[in-house]
Each structure stands twice: as C-alpha cells, then as structure tokens.
C-alpha cells in the first residue's frame with residue numbers, strides 16, 4: 001500500500017458518481033490525440049484516495065481496461081510488471097488487465113503518480129524464497145521528439161525496482177542449476193557402470209531440485225518385479241514394491257507413458273490401494289514422476305518428492321526430471337546391450353571350446369584308426385578291417401555333421417541360409433536318417449507311421465531329423481521312437497525318448513546358440529537344436545519341445561503339399 005497516510009474519499013454511490021463524472025468528462029480513447037484533455041482528469045483525481053479509485057474501477061472494468069490500454073510502458077524492467085500481460089518488444093508495449101492483483105497494483109500506481117509522489121511500497125509476493133515488499137519509483141512523462149514533448153502518448157516510466165535484484169538472484173540460482181546439470185552430464189558420459197550412472201542421476205535430482213527423497217525403479221519385462229532400485233532419502237522399509245507402484249501415481253505414469261506432478265500425493269485420486277495408504281503413513285507431500293523408457297518399452301519410473309507441508313513442484317521441475325529420466329533410460333538400455341553382447345561373446349567362447357573338444361574326439365579316432373589300418377593291414381582279417389573302416393566312417397560322419405551345423409549357423413547369422421521347397425516324404429527321410437545312424441544307440445530305434453508328404457528341402461529335413469535323433473541318443477533314455485503324423489494342413493515327425501528331459505533352467509533357451517546351462521547336459525556342441533529350428537522356420541515349419549509325463553517330446557511340423 002502507499003507509503004504516506006491520507007484521508008480517503010468515502011466509497012459508495014457518491015464516490016461512484018464522482019468518478020463517473022471524471023471519466024465522462026473526456027472519453028479516454030481521445031487521450032492519444034489530445035493529451036491536454038487528460039489534465040482536468042488528473043486534477044480531479046489528485047484529491048481522491050486509492051481505496052475509492054479501486055472500488056470504482058473494480059465495478060467499471062471497461063473503464064479500467066480503456067485506461068490501462070491507453071498507457072504505454074517504456075524502459076521497464078520485466079520483473080516490475082509480472083502481474084500484467086506485457087509485450088517486451090523494443091522494451092515497450094501495452095499493459096492489459098489479467099487478475100485482481102493487477103487491478104490493485106495498477107490502482108496504487110495511479111494514485112501515487114497522480115499525487116506527485118515518486119515512491120510506492122506495496123506487498124508483492126515474488127516467489128517462495130523472497131517474501132516481503134517491493135519498491136517502485138514511477139512518474140508520468142511524455143515522449144519527446146526534437147526536444148519538444150509529444151503528447152500523443154502518455155508514458156509510465158519505472159525508474160527503479162527492487163525486483164531487479166530478485167530477478168538477478170533467480171538467474172544466479174538458475175545458472176547454478178545448469179552448472180550442476182552439466183556436472184552430472186559429464187559424470188554420466190564418463191561412466192560405463194550403470195549402477196554408478198544411476199546413483200549419479202538420483203543424487204543429482206535431489207541436489208538440483210532440493211527435494212527430500214528420490215527413488216528410481218526398473219521393472220522386469222513383465223512389469224511385475226523390481227529388478228533395479230536406486231534411492232536417496234528413502235528408508236529401507238519405505239521403498240516401493242512393484243504392486244505399490246502400479247497402485248499409485250507411478251502406475252498412471254507407466255500406463256500413460258508421460259511425466260506428471262502431484263501437489264499432494266495422499267489426496268491425489270490417481271493414488272489408490274496400498275500406494276495411497278503408504279503415502280499418508282510416510283508423510284509424502286508433493287511429488288513429480290517421470291517414466292523410464294528402455295528399448296522402446298516403459299518399464300520404470302524416476303520419482304522425487306517433498307515431505308507433507310513443504311513446497312510444491314512446478315513445470316520446470318517436471319522438465320528437468322524428465323531429462324534426468326531420459327539419461328537413466330539411455331544408461332539402462334546401454335547396460336542391457338552391453339550385457340547381451342557380453343553374453344553372446346561368452347556363448348561364442350563356450351561354443352569354440354566345445355567345437356574344439358568335440359571335433360578332436362572323432363578326428364583323433366579317425367587319425368588313430370587310419371594309422372592302425374595303414375601299419376597292420378596285412379596282418380588283419382577282413383572282418384577286423386571292415387570294423388575299423390565302419391568306425392572311421394561313423395566318426396567322420398559325426399565330424400561332418402558338426403561342421404555342417406556350424407556352417408548353417410553362420411549362414412543364418414548372416415541371413416544367407418537358403419532352402420529348397422519340393423515334395424518329399426517325411427517318413428522316408430526319417431528312415432534314411434535312422435539307417436545312417438546304424439546301431440549307435442545300442443538298442444533298436446522304433447519307427448511307426450505311414451507316408452507323410454510335405455514341402456521342404458530333403459537335405460535340410462534329414463539334417464534336422466539327424467540332430468533330433470542324435471540329441472535323443474546322447475541325452476535321452478534307453479527307449480527312443482520316431483513317429484510320423486498327418487493333420488489337415490501339416491505333416492509332423494516326432495522324436496520321443498524316456499530320458500530325464502531338459503532341465504527347467506535350460507528349456508527357455510533350448511533353441512538358442514549354445515544356451516547357458518547347456519554344460520549340465522552331456523558334451524555337445526550345442527548348435528544342433530538352434531540350427532534345426534532355423535532350418536524348420538526357413539522351410540515354413542516349426543520345431544517344438546514339450547515334456548509330456550515321463551517322456552521328452554520333440555516334433556518337426558512342415559506344411560503339406
């Protein structure tokens with residue numbers, strides 16, 4: 001309010017009539033054409049108080065708007081007129097009424113200027129960190145052109161404003177935030193350890209937003225379990241579970257894939273169930289949450305908040321948290337990519353070791369038996385020679401199969417796998433495979449079923465069936481049978497054994513290249529099933545596994561001709 005004390009003209013009908021006469025004396029729109037008409041109005045207003053002027057203008061907003069529109073602001077500090085809509089072009093523009101606060105402030109300014117006083121003190125809430133009064137120094141003047149007053153425009157000049165210092169302080173605090181953000185970005189860029197990156201982000205959010213707590217959660221692909229968590233200012237017993245996240249505002253963020261601000265978490269309608277109860281018990285007040293999008297899937301949140309009764313968040317806070325959430329999402333995505341690459345490298349290493357081991361066995365056998373034949377040929381009987389030749393042929397066939405699987409796997413990785421499509425009998429192909437394997441199993445492998453005509457590549461079909469039967473011989477039980485079957489659209493060949501089956505930790509990755517955990521099975525390269533699945537799909541079919549009762553069941557399905 002004004003700094004000096006003066007007698008106010010009583011408000012009411014008489015005052016309204018007084019001001020009506022003043023404003024009716026000279027229509028305001030003519031002021032810009034003839035400044036001299038303003039002088040009688042100013043003279044009449046000098047004897048009136050702010051309260052009366054405010055009361056009148058509050059009922060005659062049309063008059064106030066015309067009055068405000070007629071005033072041009074020049075050389076004004078932007079912070080001095082935050083209560084008005086203002087066009088800052090060329091450091092000038094027109095004031096327009098935007099709120100009740102604008103009305104009161106402008107009325108005080110008019111009262112002070114018209115009384116010829118240069119100083120005005122009034123209560124003005126600038127921001128939460130700087131309460132108290134602001135100080136303005138204002139005066140009426142007119143533009144000058146060639147040294148003479150130009151009365152076409154009435155000017156309000158703001159000579160000084162304490163808010164200028166406040167504005168500078170706000171800029172300094174903003175610069176400090178930017179400096180902290182740059183430090184965080186630099187720390188993130190220099191780190192490959194995802195845990196360190198996420199801890200840096202969580203700590204940075206708390207420092208920049210000056211919040212009480214921060215919690216970063218990453219869920220599994222099914223969004224049912226928390227697989228990574230980083231917090232600061234959160235007690236161990238107060239951490240959020242996946243179920244609580246879905247019940248609360250975080251669940252809304254996950255479903256809508258967008259950040260949000262909550263002014264009061266306990267009363268926010270998006271907080272339900274256990275999340276609402278927990279927010280009240282933990283004394284959580286305002287909070288802001290942003291989603292974590294990892295490899296295109298929203299599967300986590302970054303949240304920060306205040307205690308009940310503390311300050312609330314604003315749009316700039318939401319934008320900053322969203323930026324930090326994007327950093328976290330990128331870090332987690334990179335970490336997952338690195339883990340995948342490391343896993344593939346480890347799988348290749350295991351594959352190389354297995355190939356070396358398994359090729360060494362048949363090649364050693366072929367080499368040794370060939371030497372025996374060469375050195376002892378004349379002293380051996382025909383039966384002995386025949387037996388050794390059969391062993392050499394069988395071991396050579398095993399080595400050839402491994403090499404063929406390796407070549408097929410390489411072609412599949414390069415996208416260069418080619419297959420033929422021609423009519424063939426699945427039952428006949430299975431018989432050929434069983435004949436080529438001979439008595440490797442030690443017991444007879446039983447075959448049942450009739451002819452099944454499908455479209456496929458004969459060589460590739462035999463490769464798949466040989467891998468399935470060999471897998472059953474190596475890892476299955478003492479009973480193996482092969483069965484053919486026909487449906488309305490497909491032909492199937494089943495390979496069944498009574499062995500222990502595939503361990504649960506292997507089943508999920510059974511058809512991948514040398515799956516983790518495969519070492520628990522007997523020695524094998526580990527490519528056979530992966531290659532077989534790729535070949536089946538290349539021929540338009542499928543290869544599947546299932547444990548049915550006490551039997552291990554693999555089957556190849558191909559389309560009928």
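Would you confirm whether any residue within the range 303-314 is in contact with a helix residue (DSSP H, G or I) (Cβ under 9 Å, 6 or more places away or on another chain), at pLDDT below 90 and exposed (fewer than 15 other Cβ atoms within 10 Å of the Cβ)? Checked the range 303-314: no residue is in contact with a helix residue (DSSP H, G or I) (Cβ under 9 Å, 6 or more places away or on another chain), at pLDDT below 90 and exposed (fewer than 15 other Cβ atoms within 10 Å of the Cβ). Can we say residue 231 is at pLDDT 90 or above, more than 19 Å from residue 212 (Cβ to Cβ) and either surrounded by fewer than 19 Cβ atoms within 10 Å (Cβ to Cβ) or within 21 Å of the chain's Cα centre (by Cα) (or both)? For residue 231, the condition - at pLDDT 90 or above, more than 19 Å from residue 212 (Cβ to Cβ) and either surrounded by fewer than 19 Cβ atoms within 10 Å (Cβ to Cβ) or within 21 Å of the chain's Cα centre (by Cα) (or both) - is not met. Taken over the range 292-344, the criterion of being touching a strand residue (DSSP E or B) at 6+ places or on another chain (Cβ under 9 Å), farther than 25 Å from residue 174 by Cα, in contact (Cβ under 8 Å) with a residue 40 or more places away in the chain and in a strand (DSSP E or B) is satisfied by 292, 294, 298, 299, 300, 301.
Residue 388 satisfies every condition listed in (1) touching a helix residue (DSSP H, G or I) at 6+ places or on another chain (Cβ under 8 Å); (2) surrounded by fewer than 15 Cβ atoms within 10 Å (Cβ to Cβ) except (2). Answer yes or no: is there a residue in the range 529-538 that is at pLDDT 85 or above, surrounded by fewer than 16 Cβ atoms within 10 Å (Cβ to Cβ), on the phi > 0 side of the Ramachandran plot and under 43 Å from the mean Cα position of the chain (by Cα). The answer is no; no qualifying residue exists. Only one of the numbered conditions (1) out of contact with any helix residue (DSSP H, G or I) (no Cβ under 8 Å at 6 or more places or on another chain); (2) crowded, with 16+ Cβ neighbours inside 10 Å; (3) more than 14 Å from residue 425 (Cα to Cα) is not met by residue 486, and that is (3).
Residues of the range 269-280 that are over 24 Å from residue 322 (Cα atoms) and either part of a loop (DSSP other than H, G, I, E, B) or at pLDDT below 80 (or both): 280 alone. Condition check for residue 273 on (1) surrounded by fewer than 15 Cβ atoms within 10 Å (Cβ to Cβ); (2) in contact with a strand residue (DSSP E or B) (Cβ under 9 Å, 6 or more places away or on another chain): one failure, at (2).
Inspection of the range 217-224 identifies no residue that is part of a helix (DSSP H, G or I) and surrounded by fewer than 21 Cβ atoms within 10 Å (Cβ to Cβ).
The values are calculated or read from the model by the stated rules, or taken from the named source; none is laboratory data. In this text, all values refer to a predicted model and were calculated from it rather than measured experimentally. Here Cβ is always computed from backbone atoms with ideal geometry, including for glycine, and neighbour counts include all displayed protein chains.
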